[in-house]
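The block underneath contains the structure these notes are about, expressed in C-alpha cells.
The values are calculated or read from the model by the stated rules, or taken from the named source; none is laboratory data. Because the structure is predicted, anything quoted here is derived from the model rather than measured. A quick note on method: Cβ atoms are made from the backbone with ideal geometry, for glycine too, and the neighbour counts reach across all protein chains shown. Areas reflect the complete protein model, heavy atoms only, side chains present, ligands, DNA and RNA absent. Shrake-Rupley method; radii C 1.70, N 1.55, O 1.52, S 1.80 Å.
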Amino acid sequence: MVLQTIWFFLWGLLWAIFFMTDGFDFGIGTLYPFLGKTDRDKRIMINALGPLWDGNEVWLITAGGVTFAAFPLVYSVMFSSLYSALMLILFALILRGVSFEFRGKVDDPRWRKIWDTCIFVGSFVPALLFGVAFANIFQGIPFDHNGVYHGTLFTLLNPYGLLGGILFVLLFMIHGALWISIKSEGDLQERAISTVKKLWPILLGVAVIFLIASKFSTRLYDNYIEHPTFFIVIVMTVLALLSVRFFLVRKTFFKAWFASALTIVGATFFGVIGLYPNLFPSSLNPRYSLTAYNASSSPLTLKIMLIVVIIFIPVVIGYQIWAYNLFKGKVTEEDLAHDEAY
Amino acid sequence: MDVVLLSRLQFAAATMFHFLFVPFTLGLSFLVAYMETKYVKTGDETYLRMTKFWGKLFLINFAVGVVTGITLEFQFGTNWSRYSAFVGDIFGSLLAIEATTSFFLESTLIGVWIFGWKKLSKKAHAAVMWLIAVASTFSAVWILIANAWMQNPVGYTIRDGRAELVDFAAVLFQKYAIFKFVHTVSAAYVLSAFFVMGVSAYHLLKKQHIDFFTRSFKIALGFGIIFSFIVVIMGDINGVIVAEKQPTKLAAMESLWETTTRAPVYFFALPDEENERNKIEIGAIPGVLSFLVKHDINAKIQGLKDFPREERPPVLITSFAFKGMVGLGFYFIIATILGWWKRNRLVDSPKYLKLMLLSIPLPYMACELGWVVAEVGRQPWIVYGLMKTSDAASPIATSQVLTSLIAFIVVYGLLGVTGFYLIAKNALKAPELTTDN
C-alpha cells in the first residue's frame with residue numbers, strides 16, 4: 001500500500017519535472033516564428049535552450065520508463081489508448097530534436113526555413129497534445145475491462161480536453177518567453193517581456209475556467225473535499241501564477257521564470273492529487289479504472305526501483321542544476337560565433 | 001495485414017533505423033574522447049582539430065540516434081501492450097533504470113560538451129566526453145540485459161498471469177546478457193573504426209591533410225583490429241549459449257533440419273521450409289557445428305524437424321542473415337590485419353585505401369544482420385518459450401498502425417537521407433585549418 005502510494009506521487013513528480021523543464025523549450029519553439037524576427041533572434045532563441053533541451057527531454061523518457069516499470073498495466077493501456085496522439089507527439093519531438101542540430105549545418109535560407117517550421121511544429125504539437133491527453137485522463141478515458149479503447153483521436157478533442165491543451169500551451173509559452181527574457185537583451189528581450197504581459201491575463205482567465213470546468217467534467221475535487229488541506233496546492237499554484245506577474249514588473253526575470261516553473265508543477269499536482277489513487281480512470285465504468293493498487297508492479301520491483309530512483313534522481317537533479325548554472329547569463333555574440341553553436 | 005504484422009514491421013523499421021546511428025555513437029565517443037585527451041596532454045593542435053572534425057560527425061549522428069530512440073521506448077506501450085502488461089515488472093524496470101542512470105547523464109552532458117568549450121577547463125571538457133562514452137555504453141548494458149531477458153527469461157515467476165521478478169541478480173548477470181553486450185558493443189566499435197578509416201582513406205586517396213588523416217586512420221585501426229577479433233570470438237561464445245538456450249534459433253541459423261551427431265556447417269545452404277529440407281547444400285563440413293557449439297565433434301545437435309512447425313523461426317531469413325554476418329566478421333579481421341601491415345605506408349597503398357573507403361557500409365550491414373538473427377531467430381516467441389509474438393500486440397485498429405507505419409517510413413526516410421547527407425558533407429570536407437580555441 002505504502003509503496004504504491006509513494007510510486008503514485010513519484011510518477012506525478014516525474015511528469016511535473018518534465019513539464020517544468022522541457023516546457024520552456026516547447027514554449028520557446030512555439031513562440032519562435034513570432035518572436036524571432038531576424039535570423040540572429042532565432043539563433044539566440046535556440047541557443048538559449050541549446051545546452052539544456054536534450055537533458056530536459058529525458059524526463060519524458062524517465063516518466064515513460066517509470067510508468068512501464070511501476071505500473072505496467074497503466075503503461076500498456078494508456079499508451080495503446082492514446083496511440084495516435086502519442087505517435088503525433090513522438091514524431092513532433094523527432095522533428096524538433098533534429099532541427100536544432102541540422103538548422104545551422106547548411107548555409108541556405110531555404111534550408112533554415114524548413115527546420116524553422118519543424119521547430120515550431122515540433123514544439124507546439126507536443127505542448128498542445130500533452131495538455132489534451134492529461135485533461136482527458138483527468139476526466140476519464142473510454143476503455144473497457146480488457147483495456148480496449150473505444151474511441152478515436154477525435155474523441156480526445158472534446159471541449160475539456162482542448163481546454164487542457166490551451167492551458168498547457170499558454171503555460172509553456174509564458175515559461176518560454178520568460179526564459180528568453182533571461183537569456184536575451186534589447187529588442188528580443190522587449191518582445192519576450194511584452195509577450196508575457198499579453199499572455200498572462202489570458203492564462204489567468206483560462207486557468208480559472210479550467211478550475212471551474214474541472215468541477216463539472218471531472219471528479220478531481222472529490223479528494224480535495226474529503227481532505228480540504230489539499231486545497232493549499234491550488235492556492236499555492238494560483239499564488240505562483242500571480243507572482244509571475246509580480247516579478248515580471250520588477251524585471252527580476254529568473255524569479256518570474258521560477259514562479260512559472262512552480263505554476264506548472266502545481267498545475268500538474270492539482271490533477272495528480274485529484275486523480276489519486278487512479279492513474280488512468282475509465283469513463284465507461286469506474287470499476288475498469290487503473291489505480292496505483294490494481295495496476296502496479298510486484299513489491300520487489302517497486303522496492304528495487306525505489307532504491308534506484310532515490311539514489312539517482314537527486315544525482316541527476318544535481319548535475320542538471322550544475323549544467324543550468326554553467327550556462328547561466330545572456331546568449332552572447334561570442335556564443336553565437338562558436339563553431340558548434342546552433 | 002493485421003496489427004501484429006504491421007506492428008512487427010514498424011518495430012523492425014524503427015529499431016533498424018535507430019541502430020544505423022547508435023553503434024557509431026557508441027564507438028566514436030571513445031575515439032573523440034581519446035583524441036581530446038591527447039590534445040590536453042600534448043597540446044598538439046592537430047588533435048584538437050581531429051576532436052572537432054570527428055566530434056561534428058559524432059553530434060549529427062547522436063542527434064538522429066537520440067530522437068529515434070524515444071519512439072522505441074513508447075512503442076512497447078503503443079503497439080505491444082499485451083507484452084508490456086505481461087513483462088513490465090521486469091522489462092519495464094530495466095528500461096527505467098537505463099533512463100535514470102545512463103541516458104540522463106549522456107543527454108545532459110552532450111549539451112555541456114557542445115556548448116561548454118569556453119566554460120570548462122580543457123581537462124574537464126575532455127572528461128565530459130569520457131563520461132558521455134561511459135554513459136552511452138551503460139545505456140547499451142541495460143538495453144541488452146532487457147533484450148537478453150526476451151531471449152532467455154530468467155529470475156521470474158508467473159503470478160496473476162504475468163511474469164514477476166523474483167531474482168534481480170539472475171536477470172542482470174545471466175551469461176546471455178553479458179556475452180550479448182560484449183558482442184554488440186564490440187560490433188559497434190568496429191563500425192565506428194571502419195567509418196573513421198574509410199573517411200580517412202578518402203582524404204588520403206586525394207592526398208590531402210595527410211598527417212591529420214593518417215593519425216586518425218591509425219587510431220581507428222588500433223581500435224578496429226582489437227574489436228574485430230573480440231566481436232568474432234564473442235560471436236562464437238554466443239553461438240554456444242544460443243545452442244544451449246535457444247535450440248530452434250541455432251538450427252535455423254545453420255539450416256539444420258535433421259537431429260544428428262557430427263552436425264555439419266554448410267558453406268551455403270538454401271532452405272526449403274515447405275518440404276523441411278535444404279534445396280541446395282554446398283560445402284558441408286561434418287562435425288564442425290557440433291564442435292563449435294558443444295566442443296565435441298560427435299555431439300548431437302537438434303534439427304528443426306524436432307520442433308513443431310509453429311515453433312520454428314523463419315529459416316531462410318535467419319540463416320542468410322547469420323551467414324552474412326559471420327562472413328563480414330571475418331572480413332573485418334582480414335581488412336584490419338592488412339591495415340596493420342600497411343600502417344606506415346598508407347598513402348602509398350591506394351588499393352587498400354579504396355577498399356577501406358568502400359568498406360564503410362559493411363559493418364552497418366553486419367550490425368543489422370546481427371539483429372535480424374537475434375530477433376527473427378527468436379520467433380515465433382516474443383519472450384522465448386513464454387509468450388508468442390502473436391499474443392503480444394495491442395488491441396488497436398489496423399488502420400492506426402498502418403497510418404503510423406507509413407508515417408515512420410516517410411519521416412525516417414527523409415531523416416535518413418538528411419542525416420547521411422550532412423554526415424557525408426561534413427566527412428568529405430577538409431577539416432578546419434585553425435580552430436576558434
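With the simple spin-label model, which puts each label point 7 Å out from Cα in the Cβ direction, the A:Phe246 to B:Asp306 separation comes to 7.6 nm. Per residue, the convex hull spanned by the Cα atoms of the stretch B:338-431 measures out at 160 cubic angstrom. Structural descriptor for chain A: relative contact order 27 percent, calculated from alpha carbon pairs under 8 angstrom and at least 6 residues apart. Normalised by the number of residues in chain B, the average gap of Cα pairs under 8 Å and 6 or more apart makes the relative contact order 22 percent. Applying D = kT/(6 pi eta Rh) to the stretch B:312-365, where Rh is the Kirkwood radius over alpha-carbon pairs, T corresponds to 25 °C and eta to 0.890 mPa s, the Stokes-Einstein value obtained is 192 µm²/s. Projecting the Cα atoms of B:Ile233, B:Leu250, B:Thr261 onto the charge dipole of the stretch B:207-299, computed from C-beta unit charges around the Cα centre, puts B:Ile233 farthest toward the positive end.
What FRET efficiency, computed as 1/(1 + (r/R0)^6) with R0 = 35 Å and r the Cβ-Cβ distance, is obtained for A:Lys113 and B:Met365, rounded to the nearest 0.05? About 0.45, to the nearest 0.05. Projecting the Cα atoms of B:Val4, B:Thr214, A:Ile61 onto the charge dipole of the protein assembly as shown (Cβ charges, centred on the Cα centre) puts B:Thr214 farthest toward the positive pole. For the protein assembly as shown, the C-alpha radius of gyration sits at 0.98 times the compact-globule guess of 2.2 N^0.38 Å, with N the residue count.
With all protein chains present, calculate the accessible area of B:Ile225 using a 1.4 Å probe and round the result to the nearest 10 Å². Accessible area, nearest 10 Å²: 30 Å². Both chains summed, the buried accessible area for A and B stands near 6100 Å², from protein heavy atoms and a 1.4 Å probe. Calculated on the Cα set of the stretch B:243-382, radius of gyration then Dmax: 17.9, 58 Å.
Legend: helices of chain A (whole DSSP H runs) are marked when their alpha-carbon atoms reach 18 angstrom or more along the helix axis and their mean Kyte-Doolittle hydropathy is at least 0.5; marked are A:2-35, A:53-70, A:83-103, A:109-139, A:159-183, A:186-217, A:231-249, A:253-275, A:299-326. In the calculated pair-distance distribution of the stretch B:275-326, the portion above 12 angstrom amounts to 74 percent of the Cα-Cα pairs. Overall shape: oblate for the stretch B:118-268, with the ratio a/c of the largest to smallest alpha carbon gyration tensor axis at 1.5 or above and b/c at least equal to a/b. Whole angstrom only: what separates the Cα centroid of the stretch A:264-334 from the Cα centroid of the stretch A:118-193? Taking the Cα centre of each part, the stretch A:264-334 and the stretch A:118-193 sit 18 Å apart. How about A:Lys113: which aspartates and glutamates have a C-alpha closer than 17 Å to its C-alpha, ignoring those fewer than 8 places off in the same chain? Within reach: A:Asp39, A:Asp41, A:Glu101. Take the convex hull of the alpha carbons in chain B; its mean projected area over all directions comes to 22.2 nm². For the pairs B:Lys41/B:Lys119; B:Lys52/B:Lys119; B:Lys249/B:Lys323; B:Lys175/B:Lys305; A:Lys183/B:Lys429; A:Lys37/B:Lys429, flag any whose C-alpha to C-alpha distance is greater than 25 Å. Over 25 Å Cα-Cα: B:Lys175/B:Lys305; A:Lys183/B:Lys429; A:Lys37/B:Lys429. Among the trypsin sites (Lys or Arg not before Pro) in the stretch A:233-326, those placed in a DSSP loop whose Cβ has at most 12 other Cβ atoms within 10 Å are A:Arg250, A:Lys251.
Only the Cβ atoms of Lys and Arg (+1) and of Asp and Glu (-1) were treated as charged; on that basis the dipole of the stretch B:333-394 about its Cα centre amounts to roughly 440 debye. Projecting label points 7 angstrom from Cα along Cα→Cβ for B:Leu5 and A:Val208 puts them 5.8 nm apart.
Applying a length cut-off of 27 Å (Cα extent along the axis) and a mean Kyte-Doolittle floor of 0.0 to the DSSP H helices of chain B leaves B:22-42, B:45-78, B:122-151, B:175-205, B:210-245, B:315-341, B:398-428. Over the stretch B:63-157, consider all pairs of different Cα atoms and compute the Kirkwood hydrodynamic radius from their mean reciprocal separation; express it in Å, one decimal. Here the Kirkwood hydrodynamic radius works out to 14.9 Å.
For the stretch A:114-165, the relative contact order is 48 percent, taking Cα pairs closer than 8 Å that sit 6 or more residues apart in sequence and dividing their mean separation by the residue count.
Classify the stretch B:1-146: rounded, prolate or oblate, from the alpha-carbon gyration tensor (a ≥ b ≥ c, eigenvalue square roots; a/c under 1.5 rounded; otherwise prolate if a/b is larger than b/c)? The shape class here is prolate.
Panel values: chain A, Kirkwood radius from alpha carbon pairs, Stokes-Einstein at 20 °C and 1.002 mPa s, translational diffusion coefficient 104 µm²/s. Per residue, the Cα convex hull of the stretch A:153-224 amounts to 112 Å³.
Over all Cα atoms in the stretch B:230-284, the spread is summed up by Rg and Dmax: 12.2, 38 Å.
Summarising the amide proton neighbourhood of B:Ala284: residues at separation of 5 or more, or on other chains, whose placed amide H is nearer than 5 Å comprise B:Phe267. Looking at the stretch B:111-165, the trypsin sites (Lys or Arg not before Pro) that sit in a DSSP loop and have at most 11 other Cβ atoms within 10 Å of their own Cβ are B:Lys118.
Once a ≥ b ≥ c are taken as the square roots of the eigenvalues of the Cα gyration tensor of the stretch A:1-142, is the result rounded (a/c under 1.5), prolate (a/b larger than b/c) or oblate (a/b not larger than b/c)? Cα axes put the stretch A:1-142 in the prolate bin. Basic side chains Lys and Arg get +1 at the Cβ, acidic Asp and Glu get -1 at the Cβ, and with that the dipole of chain A about its Cα centre reaches some 680 debye.
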